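Some notes on the structure that comes next.
The values are calculated or read from the model by the stated rules, or taken from the named source; none is laboratory data. Owing to the predicted nature of the structure, the values given are computational and were not obtained by experimental measurement. Because the Cβ atoms are built from the backbone with ideal geometry, glycine has one as well, and the counts that use them run over all protein chains shown.
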Amino acid sequence: MKIIADENMPCVDALFGELGHIKKVNGRSLTADDVIDADVLLVRSVTQVNATLLEKNKRLRFVGSATIGTDHIDVDYLKSRHIPFANAPGCNATAVGEFVFIALLELANRFQETLKHKTVGIVGAGNTGSAVAKCLTAFGVKVLLHDPLLQAQGDERVFVSLDTLIERCDVISLHVPITRTGQFPTWHLFDERRLSQLTTGTWLINCCRGEVIDNQALMKVKLARSDLKLVLDVWEGEPHPMPDLVPLVELATPHIAGYSVEGRARGSFMLYQALMAHLGYDGKLSLQDLLIPHWIERIHLQAMPDEKALLQLVRLVYDLRDDDRLFRNQFLNVNGFDHMRKIHKHRRELSVLTLVNSGQFDVNWLSYLGFSGVEL
């Protein structure tokens, strides 16, 4: 069996090595000739899997994408050829949720504001949006949700209109797929008109797809409104962000909000489980087999951490400022954007750190936030 896999997918050798020969490729430049003799194709969001890519392949038995979204996959075409497909919904939800929460702590510290006093609007309440809400709710932050699709499907959570969310929220975090058609398209959902409607001092965060925000309009509005604060992990025109937009952003990263070690390994592992089930095999590996210990295992808490102390605590697991600095220094380099994503192997999730409660105070909220089993 020949397995073609994106070179930036982690744990491929450990998971799929016993199944056949693995060839690792640049997913962004993959061609029909590259996959002509593939039995299994494993990709990420940078590869468009469609008739053009697969027209020369007559033997493909499985396609897997280690991503939440499927906008890069022609699912109907795969069905027409009876090629099984699997993706990894929710694989990086925890990572994205923690990324947004950490970004908000960083902004609050930078501008000497209090995150707990904010109202945060989440646009898109699926896996990642819900993970953001989980972190914020654990910390005691008020959250409003907007997701007309889930609302129409009978989701029992309370939803508000997008206009209401914009009017009432101090922070807006975007977590929707890219859609150009249908009743609720998300392409340029935040155009110049909507961006201009943002209330004074709004923090706007995009960790889903760059094209959800009209980046040209964003730059125009931001230049006229210094009160708006931006966190962008995704960019229109990736891997080539608008150079003039980057300096206007408070925290800038190369589409790595979901790139925790755990999240990336989980994505590959979910494809491993799907392929093994398709082949009728029992998977012998577990996700834990793929993870290495973090440099620090536990912290003893002598007092309840306030917001500033909490920021110091999460920085022990992941310091977002490092990726922001690296991005600004390298995004204009040739292949700089993709190179930063390729080498991004250092970030862990909060669960790697166990907090030991050495005092007599309630720290259950830290467990809900994501830290591993707060011990008493």
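Within the range 257-269, identify whether any single residue is over 30 Å from Val317 (Cβ atoms), β-branched (Val, Ile, Thr) and either buried (at least 20 other Cβ atoms within 10 Å of the Cβ) or without any contact (Cβ under 8 Å) to a residue 12 or more places away in the chain (or both), and answer yes or no.
no
Are any residues in the range 1-17 of a type in the set (A, V, I, L, M), assigned to a loop (DSSP other than H, G, I, E, B) and surrounded by fewer than 19 Cβ atoms within 10 Å (Cβ to Cβ), and if so, which ones?
The one that is of a type in the set (A, V, I, L, M), assigned to a loop (DSSP other than H, G, I, E, B) and surrounded by fewer than 19 Cβ atoms within 10 Å (Cβ to Cβ): Met1.
Filter the range 182-209 down to the residues that are over 30 Å from Thr114 (Cβ atoms) and either within 23 Å of the chain's Cα centre (by Cα) or acidic (Asp, Glu) (or both) and list them by number.
Restricting attention to the range 182-209, the residues satisfying the condition of being over 30 Å from Thr114 (Cβ atoms) are 182-188, 191-193, 209.
Within the range 182-209, Phe184, Pro185, Thr186, Trp187, His188, Asp191, Glu192, Arg209 meet the criteria.
Out of all the residues in the range 271-278, is one or more in contact with a strand residue (DSSP E or B) (Cβ under 9 Å, 6 or more places away or on another chain), surrounded by 14 or more Cβ atoms within 10 Å (Cβ to Cβ) and over 29 Å from Asp13 (Cα atoms)?
no
When the range 186-219 is examined, which residues are found to be among the polar types (S, T, N, Q) and either farther than 19 Å from Pro148 by Cβ or buried (at least 19 other Cβ atoms within 10 Å of the Cβ) (or both)?
Of all residues in the range 186-219, those among the polar types (S, T, N, Q) come to 186, 196-197, 199-200, 202, 206, 215-216.
Matches in the range 186-219: Thr186, Ser196, Thr199, Thr200, Thr202, Asn206, Asn215, Gln216.
Out of the range 1-38, which residues are closer than 17 Å to Ser268 by Cα and of a type in the set (Asp, Glu)?
Asp6, Glu7, Asp13, Glu18 - these are the residues of the range 1-38 that are closer than 17 Å to Ser268 by Cα and of a type in the set (Asp, Glu).
Just to be sure I understand, how many residues within the range 115-142 are over 14 Å from the mean Cα position of the chain (by Cα) and in a loop (DSSP other than H, G, I, E, B)?
3
Tally time: how many residues in the range 72-118 are under 19 Å from Asp324 (Cβ atoms) and acidic (Asp, Glu)?
3
Taking the options Pro89, Pro84, Pro10, name whichever one is in contact with a Phe, Trp or Tyr (Cβ under 9 Å, 6 or more places away or on another chain) and not hydrophobic (A, V, I, L, M, F, W, C). I'd like the intermediate steps shown before the answer.
Working: Pro89 fails: in contact with a Phe, Trp or Tyr (Cβ under 9 Å, 6 or more places away or on another chain); Pro10 fails: in contact with a Phe, Trp or Tyr (Cβ under 9 Å, 6 or more places away or on another chain).
Among Pro89, Pro84, Pro10, only Pro84 is in contact with a Phe, Trp or Tyr (Cβ under 9 Å, 6 or more places away or on another chain) and not hydrophobic (A, V, I, L, M, F, W, C).
Go through (1) farther than 22 Å from Val96 by Cβ; (2) surrounded by 23 or more Cβ atoms within 10 Å (Cβ to Cβ); (3) of a type outside the set (Val, Ile, Thr) and name the single condition Trp235 misses.
Among (1) farther than 22 Å from Val96 by Cβ; (2) surrounded by 23 or more Cβ atoms within 10 Å (Cβ to Cβ); (3) of a type outside the set (Val, Ile, Thr), Trp235 violates only (1).
Yes or no, residue by residue, for (1) without any contact (Cβ under 8 Å) to a residue 40 or more places away in the chain; (2) touching a helix residue (DSSP H, G or I) at 6+ places or on another chain (Cβ under 6 Å); (3) not hydroxyl-bearing (Ser, Thr, Tyr):
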position	(1), (2), (3)
Leu189	no, yes, yes
Thr200	yes, no, no
Asn215	yes, no, yes
Leu223	yes, no, yes
Val234	yes, yes, yes
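For the range 338-351, enumerate the residues that are over 16 Å from the mean Cα position of the chain (by Cα) and surrounded by 14 or more Cβ atoms within 10 Å (Cβ to Cβ). Write out each step before concluding.
Just the residues of the range 338-351 that are over 16 Å from the mean Cα position of the chain (by Cα), to begin with: 339, 343, 351.
Hits for the range 338-351 are His339, Ser351.
Here are some residues: Asp147, Asp155. Which one is charged (D, E, K, R), more than 30 Å from Thr52 (Cβ to Cβ) and surrounded by fewer than 17 Cβ atoms within 10 Å (Cβ to Cβ)? Break it down stepwise before answering.
Values: Asp147 fails: surrounded by fewer than 17 Cβ atoms within 10 Å (Cβ to Cβ).
Checking each option against the conditions leaves just Asp155.
Which helices (runs of 4 or more DSSP H) sit wholly inside the range 261-376 and have at least 2 residues that are at pLDDT 95 or above?
Per the criteria, 261-279, 307-315, 320-330, 336-342.
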